[in-house]
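Before any comments, here is the structure.
The values are calculated or read from the model by the stated rules, or taken from the named source; none is laboratory data. Keep in mind that this is a model prediction, so the values were computed, not measured. Every residue, glycine among them, receives a Cβ derived from its backbone with ideal geometry; neighbour counts consider all protein chains shown. Side chains are part of the model used for accessible areas, which takes the heavy atoms of the whole protein and leaves out ligands, DNA and RNA. Shrake-Rupley method; radii C 1.70, N 1.55, O 1.52, S 1.80 Å.
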Amino acid sequence: AAESLNMLYLEGEGRNTQIRDFTAFFLGTAIMSFLSLITKKYEWIFSVGIIYLLAAIFNVLASLNHDAPLAISSLVSEIIFFSIAFAASALYKASDL
């Protein structure tokens, strides 16, 4: 996954951090999405949107404040994912399932 995002696969603790953070991010948002489906609570899917929105914000802030390259493909994905999650949670809430 790291190579596909143009990230070097780090050694030692860096490798642990990449694996741990990627797994927590994607598995956590997937679990929250399924919890929303099972419990019929829009708040879970809204929480997924918040996570992706924060990822997009920190993507830009890292570029502006720390001279990190702006990850455009990741930023576009994060914007799409948070938009979908926010729209889905609004529709879910409005439908009163």
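Tally the residues that are more than 21 Å from Ala71 (Cα to Cα), at pLDDT 85 or above and either of a type outside the set (A, V, I, L, M, F, W, C) or not in a helix (DSSP H, G or I) (or both), restricting the search to the stretch 1-39.
4
Within the stretch 73-94, identify whether any single residue is in contact (Cβ under 8 Å) with a residue 60 or more places away in the chain, aliphatic (A, V, I, L, M) and surrounded by 12 or more Cβ atoms within 10 Å (Cβ to Cβ), and answer yes or no.
No, there is no match, as no residue in the stretch 73-94 is in contact (Cβ under 8 Å) with a residue 60 or more places away in the chain, aliphatic (A, V, I, L, M) and surrounded by 12 or more Cβ atoms within 10 Å (Cβ to Cβ).
Which residues, taken from the stretch 72-97, are touching a helix residue (DSSP H, G or I) at 6+ places or on another chain (Cβ under 6 Å) and aliphatic (A, V, I, L, M)?
Leu75, Ile79, Ala85, Ala88
Condition first: under 15 Å from the mean Cα position of the chain (by Cα) and either hydroxyl-bearing (Ser, Thr, Tyr) or open to solvent by less than 80 Å² (accessible area, probe 1.4 Å) (or both). Now tell me which residues in the stretch 57-72 satisfy that.
Ile57, Asn59, Val60, Ala71
Residue by residue through the stretch 40-56, note down the ones that are assigned to a helix (DSSP H, G or I) and open to solvent by 80 Å² or more (accessible area, probe 1.4 Å).
Glu43, Trp44, Phe46, listed by residue number.
Can you report the number of residues in the stretch 70-93 which are outside any helix (DSSP H, G or I) and not small (Gly, Ala, Ser)?
1
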